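The values are calculated or read from the model by the stated rules, or taken from the named source; none is laboratory data. In this text the structure is predicted, and so the values were computed from the model without any measurement. Positions of Cβ are generated from backbone atoms using ideal geometry, with glycine treated the same way; all protein chains shown enter the neighbour counts.
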Amino acid sequence: MFAEVIINSHVKKLNKVFDYQIPEYLCQTIRVGSKVLVPFGNAKKGKEGFVYAVKENSVVATKPILEVLDNTLTSDQMELAKRMSQMYFCNIYDGLKLMLPPGSECPKEENRIKDKLGRFIYLKQEIDEIENALEDGCIKSPKQRRVIEFLRDNDGIYVGDLKMLTESSDAILKTLEKNGYIESVEQKIERNPFEHKEVPRDTKLPLNSEQQKAFDAVKEAMDQEIYKSFLLFGVTGSGKTEVYLQLIEETLKKGKKAIVLVPEISLTPQMVDRFLARFGNCIAVLHSKLSMGERYDEWNKIKENRANIVIGARSAIFAPVENLGIVIMDEEHDSSYKSDMTPRYQAKDIARYWCKKNRIPFVMGSATPDICTFYQCKQGKIELLTLSQRANQSHLPDVSIVDLREELAKGNKSMLSEALHQAIEDNLKGKRQTILFLNRRGYSTFVMCRECGFTAKCKYCNITLTYHAVENKLKCHYCGYQIPNYTVCPVCGSRKIKYFGAGTQKLEEEIHHLFPEATTIRMDVDTVTKKNSHEEILKTFQENKIDILIGTQMVVKGHHFPNVTLVGVVAADGSLNTNDYRAGERTFQILTQVAGRAGREKLPGHVIIQTYNRDHYSIQYAKEQNYLPFFEAEIGMRKQLKYPPFCDIILFSFVSKNEKEVQKTAKQFYQKIKKACYAIPDFAVMQPVPSPISKMKNRYRWRIIAKGKMNQTLLKIFHALLNQYNQSNQKTRIILDINPNNMN
């Protein structure tokens, strides 16, 4: 017997199979997906790899497999990794690593995340014998008796907890162990992210007619055991989560499991609380704010079938869930479901793969669906389920637009218009809460000398540095480079340093100045770096301890704050002024989603949008909170300009430390693309140009943009071109991304 093995490597040249002999003593152990140790190159201890296939014959295999390390992966996961390699132009191992236990990719064995072991104390004798010993006075020490009595009711407890709860010491436990009353056992400690959560249980709510219709449609697909995609299209506050909960309850009744995907880490706490309240502790959570140890234990909880529901960000779609019954993707329009790192996968594609494989429904939900998803609904490829009313009969908030050009004409240079200032004042008097949204962190966007025009830029990226007032530093939001703030111009020595643009830090400072009696809290990347900090911020605001929440897009989606009656969008133009064909769509989505945070209970809501482009169609339709006319306007424009969903955007990025080398490679590759694709209908390729951010992390960047419908022909051509290039030891890295999140 022989095995085809994929070596654990990101090197492009090694993205192929290597044949090895399977020793007779391993024949019963080894299978497709097995992690093995094989002799490879100069590696003294062998190299790790995964069994790609098992076969009877090989003409090239000369070396045997050394060891089977584990059987973590299944043949289905191996098959998915193969598909990802083809779809996303990555190594097979790049796909496999997403399915491995967290922390297992560490090159050094001793540094890999493993089970956390600890000492647990158990009673060594039967309860009757223990009772007799207590009654007969054999255990005389009050401290020893306290330990024994505690263990009688709580047998099998971690030694640290036992010592704390009984106020005992190692000496007391040692004496009891020596006398044969207790025993110490080393076993696994589970790092539980819910350890200190106390969520009261709830019961399911009655569904309204629209919710019931949506539930019945999905349940029918579940009962028939067929794959079907659904879009739950519901206005903000329409009760989509309740539909999710009841569909999952139905899934659990059938003895199956569920995966629930959420886009933002900040959404996870509220979603987890809802699920804990309904289903208890049969939940596992996977997201980047957990410690590596917690993620490892949550992954094992899933692998060992101790979790029926998995909640997490996009990578949770790779969780080792057996007997999957449904996949739910909340806020399906969110760009975070598309990875910006290798492999550049779209979580929707992976979700569809698993749902088709398991013949189960795939439910996507959004108040502002992705244009391509809604177009598929119109084409009949996805079933549309509509929730047109808020579930608790509350009304959508009133939305008004403030033209900032008029504010400037009146001499108002504040970040707040007169209308928003007055509305915040009224809200504070009425003991109501306010959310202020500004999708730009830091204090000022850039710093410039008014004497000579010097602008502070990143040393490693062709981008201006952002001023952060709290630390008094200038920071690059791309590579993390930071320097102390300038007080004197380094070019001309002038002290006329001026700060331009505004971020959440500056907004917070202005709110403190204008409303000194108000309590505020800020939620952006800078304030949620510590573990559980995002959850603490949301909890503090939820408990009405804060008057004003200031934040970036973290505050936009999914949150339910009953006492929020005012939402202010400080600068609606930020997402409009981007180099992206989706600028209008993203602006509409952000504005509609943030508006949906206001007036979600009995109190009426009011939204004020500040903008310099009040007549832009995305802002006008967001004011009306009406998706359908926005969709018609957007889809008409895209059809005319041949943008997705009528084609795919194919981005070739070229990255190198050598500026001339990257330019030369981009131009040569452009000629090869033109030659290889000249006969492909409706395919267009643009001339190579420097990327909008032409230098990042000390590497120069060029790009080629192509438009066409991705199919097997184009896939084969692009793979052939990349393979040919990678075989020639070039110094420039080429990255191919289909429908990328950003065009920078």
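A quick yes/no check of all residues on (1) in contact with a Cys (Cβ under 8 Å, 6 or more places away or on another chain); (2) among the polar types (S, T, N, Q); (3) assigned to a helix (DSSP H, G or I); (4) over 20 Å from Leu247 (Cβ atoms):
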site: Lys289; (1), (2), (3), (4): no, no, no, yes
site: Tyr296; (1), (2), (3), (4): no, no, yes, yes
site: Trp299; (1), (2), (3), (4): no, no, yes, yes
site: Asn305; (1), (2), (3), (4): no, yes, no, yes
site: Met329; (1), (2), (3), (4): no, no, no, no
site: Glu332; (1), (2), (3), (4): no, no, no, no
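Among what's in region 319-346 and is within 24 Å of Arg306 (Cα to Cα) and of a type in the set (A, V, I, L, M, F, W, C), pick the residue that is surrounded by the most Cβ atoms within 10 Å (Cβ to Cβ).
Here the answer is Ile328.
Just give me the residues in region 369-409 being modelled with pLDDT of 95 or more, under 27 Å from Lys623 (Cβ atoms) and in a loop (DSSP other than H, G, I, E, B), in sequence order.
Pro369, Asp370
Okay, residues lined up against (1) modelled with pLDDT of 90 or more; (2) assigned to a helix (DSSP H, G or I):
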| residue | (1), (2) |
| --- | --- |
| His559 | no, no |
| Gly568 | yes, no |
| Arg586 | yes, yes |
| Gln593 | no, yes |
| Pro604 | no, no |
| Ile609 | yes, no |
| Arg614 | yes, no |
| Pro629 | yes, yes |
| Gly636 | yes, yes |
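I want to confirm something. Restricting to region 50-85 and keeping residues that are at pLDDT 90 or above, more than 21 Å from Asn300 (Cα to Cα) and among the β-branched types (Val, Ile, Thr), which single residue is surrounded by the fewest Cβ atoms within 10 Å (Cβ to Cβ)?
Taking the candidates together, the pick is Val54.
Tell me, please, whether a residue that is closer than 27 Å to Ala583 by Cα and among the basic types (Lys, Arg) can be found in region 661-672.
No: region 661-672 contains no residue that is closer than 27 Å to Ala583 by Cα and among the basic types (Lys, Arg).
Under 20 Å from Ser417 (Cα atoms) and assigned by TED's automatic domain parsing to the domain that holds Tyr617, is that true of Glu517?
Working: under 20 Å from Ser417 (Cα atoms): yes; assigned by TED's automatic domain parsing to the domain that holds Tyr617: yes.
When the stated conditions are applied, Glu517 passes them.
Are any residues in region 252-280 part of a loop (DSSP other than H, G, I, E, B), more than 23 Å from Arg359 (Cα to Cα) and small (Gly, Ala, Ser), and if so, which ones?
Gly280
With respect to Asn658, is the statement that it is at pLDDT below 95, more than 29 Å from Leu714 (Cα to Cα) and either outside the structural domain of Ile548 (by TED's automatic domain parsing) or buried (at least 23 other Cβ atoms within 10 Å of the Cβ) (or both) true?
yes
Quick one: which of Ile680, Ile635, Ile608 is buried (at least 21 other Cβ atoms within 10 Å of the Cβ) and more than 30 Å from Ile463 (Cβ to Cβ)?
Ile608
Can you tell me how many residues within region 478-514 are charged (D, E, K, R) and either in the same structural domain as Asn462 (by TED's automatic domain parsing) or assigned to a strand (DSSP E or B) (or both)?
1
Just wondering, is there one or more residues in region 420-435 that are in a loop (DSSP other than H, G, I, E, B), surrounded by fewer than 17 Cβ atoms within 10 Å (Cβ to Cβ) and at pLDDT below 95?
So in region 420-435, the residues in a loop (DSSP other than H, G, I, E, B) come out as 430-432.
Still in the list and also surrounded by fewer than 17 Cβ atoms within 10 Å (Cβ to Cβ): 430-431.
Next cut, at pLDDT below 95 only: 430-431.
Yes, some residue in region 420-435 is in a loop (DSSP other than H, G, I, E, B), surrounded by fewer than 17 Cβ atoms within 10 Å (Cβ to Cβ) and at pLDDT below 95.
Can you tell me which residue within region 460-476, out of those that are surrounded by fewer than 16 Cβ atoms within 10 Å (Cβ to Cβ) and at pLDDT below 90, is nearest to Asn698 (Cα to Cα)?
Glu471
Determine if region 619-627 includes at least one residue that is part of a loop (DSSP other than H, G, I, E, B), within 21 Å of Ser400 (Cα to Cα) and of a type outside the set (Val, Ile, Thr).
Yes: one or more hits.
Okay, residues lined up against (1) in contact with a strand residue (DSSP E or B) (Cβ under 7 Å, 6 or more places away or on another chain); (2) assigned by TED's automatic domain parsing to the domain that holds Ala622; (3) at pLDDT 85 or above; (4) not in a loop (DSSP other than H, G, I, E, B):
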residue: His196; (1), (2), (3), (4): no, no, no, no
residue: Ala214; (1), (2), (3), (4): yes, no, yes, yes
residue: Val218; (1), (2), (3), (4): yes, no, yes, yes
residue: Ala221; (1), (2), (3), (4): yes, no, yes, yes
residue: Leu245; (1), (2), (3), (4): no, no, yes, yes
residue: Glu250; (1), (2), (3), (4): no, no, yes, yes
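Name the residue that is surrounded by the most Cβ atoms within 10 Å (Cβ to Cβ), counting only residues in region 252-273 that are of a type in the set (D, E, K, R) and modelled with pLDDT under 95.
First, the residues of region 252-273 that are of a type in the set (D, E, K, R): 253-254, 256-257, 264, 273.
Checking which are modelled with pLDDT under 95 leaves us with 264, 273.
On the way: Glu264: 21, Asp273: 18.
Restricting to residues being of a type in the set (D, E, K, R) and modelled with pLDDT under 95, the top hit is Glu264.
What number of residues in region 23-51 are farther than 17 Å from Lys13 by Cβ, in a loop (DSSP other than H, G, I, E, B) and not basic (Lys, Arg)?
Final tally of qualifying residues: 10.
Can you name the residue in region 574-584 that is modelled with pLDDT of 85 or more and closer than 18 Å to Asp615 by Cβ and is also nearest to the chain's Cα centre (by Cα) among such residues?
Ala583
Restricting attention to region 418-477, report how many residues are in contact with a Lys or Arg (Cβ under 7 Å, 6 or more places away or on another chain), farther than 24 Å from Leu576 by Cβ and touching a residue at least 60 places away in the same chain (Cβ under 8 Å).
Looking only at that region, the number is 1.
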